[in-house]
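Okay, so here's the structure we're looking at.
The values are calculated or read from the model by the stated rules, or taken from the named source; none is laboratory data. Keep in mind the model is a prediction, meaning the values are calculated, not measured. A quick note on method: Cβ atoms are made from the backbone with ideal geometry, for glycine too, and the neighbour counts reach across all protein chains shown.
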Amino acid sequence: MKTIAPPFRAVQEMASRGLSGRLTVYDPQNAGVAWQLYMGGDRLYYASSTLGQTDRLGYLLPHLRPDLSPPASFPEGFEYDSVRQWCTHLALSELRTLLTQLSQEALVHALSIPKADLEFQRNLQPDPILISPPWHDLAVAARPAIQQWQRLRPHISSPLARLYLEPRQIDALCHRWEQARAETPEGRFFQTQNLTTWIRIFGQRPSLYEAAGLLQTPPLNLAVQVQPLVEAGIFTVIPFSEQPPPLAEVTETTERAVIACVDDSRAVQRQVQMTLELAGYEVVPILEPTEALTTLVRRKPLLILMDINMPDIDGYELCRMLRQSRQLREVPIIMLTGRDGLIDRLRAQLVGATSYLTKPFEPTLLLTTVQKFTESLSAQP
């Protein structure tokens with residue numbers, strides 16, 4: 001039977017009445033996510049989540065025991081049994097320490113919820129019972145983390161929340177990133193991070209556990225830094241139950257489609273790189289037009305983006321040269337320019353440009369334009 005109450009008060013009542021069983025705390029901000037506390041009176045036997053166990057254990061176990069490599073995924077079912085099976089080679093004292101730390105971490109997130117749907121089922125316990133610390137001692141030791149997550153909850157419910165960076169928000173993230181790199185505590189954090197990596201990771205809607213593992217930073221630390229970006233609408237929080245694409249692409253070494261960008265503007269290069277790498281392309285930036293021909297022949301891009309107004313060789317002349325190259329004459333060229341006149345478009349066509357994009361352009365327009373040409377090329381026999 002479900003009731004609505006503060007989880008902290010419910011646990012206190014269970015302890016005072018000596019009740020034994022499983023208390024399930026449903027997260028009102030993250031559909032499908034719940035935290036389960038297995039208790040006997042004032043003792044906590046184990047605590048875990050109902051969803052995201054692979055994400056949770058995949059992050060936590062290597063950090064609790066960095067000398068061990070966890071499996072890529074955990075079997076479906078009771079998390080307690082999965083941990084015991086994985087840790088069969090540990091000494092009993094080590095296993096108990098690990099189970100206690102895992103339970104305390106889940107207890108933090110259950111108790112940080114101010115009010116929730118609760119469900120209590122009597123006499124459901126792990127078998128065998130390997131730990132039984134007083135729940136209150138664990139809560140007191142974790143009080144700073146509980147209080148921090150309580151402050152974060154209006155924006156990020158727990159490490160099982162998924163964060164999504166939409167392509168149209170890339171420029172906003174770049175701008176905030178540069179502001180944050182000032183000499184502030186937040187700035188020092190971002191100075192240790194890689195913006196391109198963030199864009200690729202958060203473009204795939206990871207849970208905070210997944211992102212924290214890839215960025216090698218604690219979930220709470222990452223949540224504190226991301227919270228202003230969520231509040232500003234740069235990151236979107238979505239339910240854990242919304243299935244994302246696999247995160248394997250973030251670290252994979254398989255070959256990606258190569259897009260070359262010839263432009264002497266570092267700002268344009270950054271925008272192009274951020275937008276297209278988020279979509280899985282490899283971007284080759286070329287700032288010096290005099291070096292373009294050599295680099296393009298060596299890298300053999302699928303598509304070339306090219307500025308018109310550049311020093312030494314303008315885009316019209318460079319485009320004409322590429323159309324005379326045996327290796328490059330069939331590669332589509334999209335001209336980038338701040339001018340949008342009919343004469344400029346005609347001139348671009350005359351020198352062999354395939355298409356034309358006016359700056360400044362929205363990331364979504366750039367991406368759809370590139371995808372249109374690359375997908376048609378991929379479809380060719």
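Miscellaneous remarks
- Condition met for VAL108 (without any contact (Cβ under 8 Å) to a residue 40 or more places away in the chain and either of a type in the set (A, V, I, L, M, F, W, C) or not in a helix (DSSP H, G or I) (or both)): no
- Filter result for ASP137 (among the acidic types (Asp, Glu) and touching an Asp or Glu at 6+ places or on another chain (Cβ under 9 Å)): no
- Qualifying residue in region 286-304 (condition: within 19 Å of GLN271 (Cβ to Cβ), touching a Gly at 6+ places or on another chain (Cβ under 6 Å) and modelled with pLDDT under 90): no
- Residue that is modelled with pLDDT under 85, part of a helix (DSSP H, G or I) and not hydroxyl-bearing (Ser, Thr, Tyr), where the choices are ASP344, ASP340: ASP344
- Exactly one residue among LEU37, LEU51, LEU95 is aliphatic (A, V, I, L, M) and out of contact with any Phe, Trp or Tyr (no Cβ under 9 Å at 6 or more places or on another chain), and that residue is LEU95.
- Which listed residue is closer than 24 Å to THR54 by Cβ and at pLDDT 90 or above, from GLN104, GLN121, GLN85: GLN104
- In region 191-205, the residues that are within 15 Å of the chain's Cα centre (by Cα), without any contact (Cβ under 8 Å) to a residue 40 or more places away in the chain and over 14 Å from ILE234 (Cα atoms): GLN193, ASN194
- Selection status of LEU37, surrounded by 19 or more Cβ atoms within 10 Å (Cβ to Cβ) and in contact with a Cys (Cβ under 9 Å, 6 or more places away or on another chain): no
- Exactly one residue out of TRP149, TRP86 is in contact (Cβ under 8 Å) with a residue 12 or more places away in the chain, aromatic (Phe, Trp, Tyr) and closer than 25 Å to THR3 by Cβ: that is TRP149.
- Within region 129-226, helices (runs of 4 or more DSSP H) holding 3 or more residues that are in the same structural domain as HIS63 (by TED's automatic domain parsing): 135-141, 143-152
- Residue ID - nearest to LEU367 (Cα to Cα), chosen from residues in region 119-171 that are of a type in the set (Lys, Arg) and out of contact with any Lys or Arg (no Cβ under 6 Å at 6 or more places or on another chain): ARG168
- Within the set LEU220, LEU214, the sole residue that is at pLDDT 95 or above, surrounded by fewer than 21 Cβ atoms within 10 Å (Cβ to Cβ) and among the hydrophobic types (A, V, I, L, M, F, W, C) turns out to be LEU220.
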